[in-house]
Amino acid sequence: MYIDAHTHLAKYEENMFEVISEIERNEILTVSVSMDSFLFEKNLEIARTCPFVIPSFGIHPWSATRYSYKLGELVENINRSPMIGEIGLDHHFVEETEAYEHQKKVLEFLLEAAGELRKIVNVYTKGAEEEVLTALREYNIERAIIHWYSGPVKYIEHYLELGCHFTIGVEVLKNKKMQNFLKLIPDDRLLTETDNPGGYELLKKGIGMPGLIIKVVDKLAEIKGKSHDEMKNLVMNNFYRLIENDQHIDGQIKNKLRGLLY
């Protein structure tokens, strides 16, 4: 089984039948994160049709200004979601500094809830890597998936000390910096992602489809000096250990992974 630990299935506007078919045909366990409440509802609908999809509720930093004054409305979705994400801070693509306080307010609310409920968080850090690290520490987050981290390198060891996992995605296929960054991530903290459908498009390669995860595993195997199956199983084992004792994750998913690994 492949692991896509960060993607946005609800953002596919067309070809959903083809997308789900590709996930099921290739057995891609897919964490479909949400940027807002509307997209979470769509992710829940998708998950009901496909046993390989884990729907995750979050408020993306780009959406934070719409929610910072109505945080109480998020509680129901927090409770319904097996994971919390995509959440975080963006001080890189978001240039309006007045938005940063809204981002911080939403992130802290979601982290506090995730810490109390002991839920995995799926985190965006671009341009605010130190601030996100500080917030994860403050709210005692024990399990975090750090999405598409690209530096600074100096914070990697601190995220690792917190127990964080790092996702590597489609950028590794061509980007030398990302390939070198991969070498800094211990094998037991490595996960794979696509950030579909927009991640591939961001690299000006077109709309991403689920099968891209196979190419990501191929490249990781090449860089790490492993076979494709060794890398596939390594990532699967890492994800299984992350969710093994998680009461919020569907038992059938854990049983399927356990059966494949052991």
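The values are calculated or read from the model by the stated rules, or taken from the named source; none is laboratory data. As the structure is a prediction and not an experimental result, all values here were calculated from the model. Neighbour counts run over all protein chains shown; Cβ positions are idealised from the backbone, glycine included. Keep in mind that these areas ignore ligands, DNA and RNA; they rest on the heavy atoms of the full protein, side chains included. Shrake-Rupley method; radii C 1.70, N 1.55, O 1.52, S 1.80 Å.
Just a yes or no: is a residue in the stretch 245-262 on the phi > 0 side of the Ramachandran plot, modelled with pLDDT under 95 and in contact with a helix residue (DSSP H, G or I) (Cβ under 8 Å, 6 or more places away or on another chain)?
No, the stretch 245-262 has no match at all.
Which numbered condition in (1) open to solvent by 10 Å² or more (accessible area, probe 1.4 Å); (2) of a type in the set (Gly, Ala, Ser); (3) out of contact with any Asp or Glu (no Cβ under 7 Å at 6 or more places or on another chain) is the only one that Gly163 fails?
So the condition that Gly163 fails would be (3).
Just one of the numbered conditions (1) farther than 28 Å from Arg48 by Cα; (2) open to solvent by 10 Å² or more (accessible area, probe 1.4 Å); (3) more than 17 Å from the chain's Cα centre (by Cα) is not true of Gln252; which one?
Gln252 satisfies all of (1) farther than 28 Å from Arg48 by Cα; (2) open to solvent by 10 Å² or more (accessible area, probe 1.4 Å); (3) more than 17 Å from the chain's Cα centre (by Cα) except (1).
Which residues, taken from the stretch 142-158, are within 14 Å of Leu89 (Cβ to Cβ) and free of Cβ contacts under 8 Å to residues at least 60 places away in the same chain?
Ala144, Ile146, Tyr149, Tyr155
Those residues that are farther than 24 Å from Lys226 by Cβ and modelled with pLDDT under 90, I need them from the stretch 182-199; list them, please.
Gly198 - this is the single residue of the stretch 182-199 that is farther than 24 Å from Lys226 by Cβ and modelled with pLDDT under 90.
Could you tell me whether the stretch 140-152 includes any residue that is of a type in the set (Asp, Glu) and either buried (at least 22 other Cβ atoms within 10 Å of the Cβ) or at pLDDT 95 or above (or both)?
Within the stretch 140-152 (the criterion being of a type in the set (Asp, Glu) and either buried (at least 22 other Cβ atoms within 10 Å of the Cβ) or at pLDDT 95 or above (or both)), the answer is no, since none of the residues qualifies.
Can you give me the number of residues within the stretch 213-225 that are over 27 Å from Leu44 (Cβ atoms) and touching a helix residue (DSSP H, G or I) at 6+ places or on another chain (Cβ under 7 Å)?
Residues flagged as over 27 Å from Leu44 (Cβ atoms) and touching a helix residue (DSSP H, G or I) at 6+ places or on another chain (Cβ under 7 Å) within the stretch 213-225 amount to 8.
Would you point out the residue of the stretch 120-137, among those that are in contact with a strand residue (DSSP E or B) (Cβ under 7 Å, 6 or more places away or on another chain) and open to solvent by less than 10 Å² (accessible area, probe 1.4 Å), that is farthest from His91 (Cα to Cα)?
Among those residues, the one meeting the criterion is Ile120.
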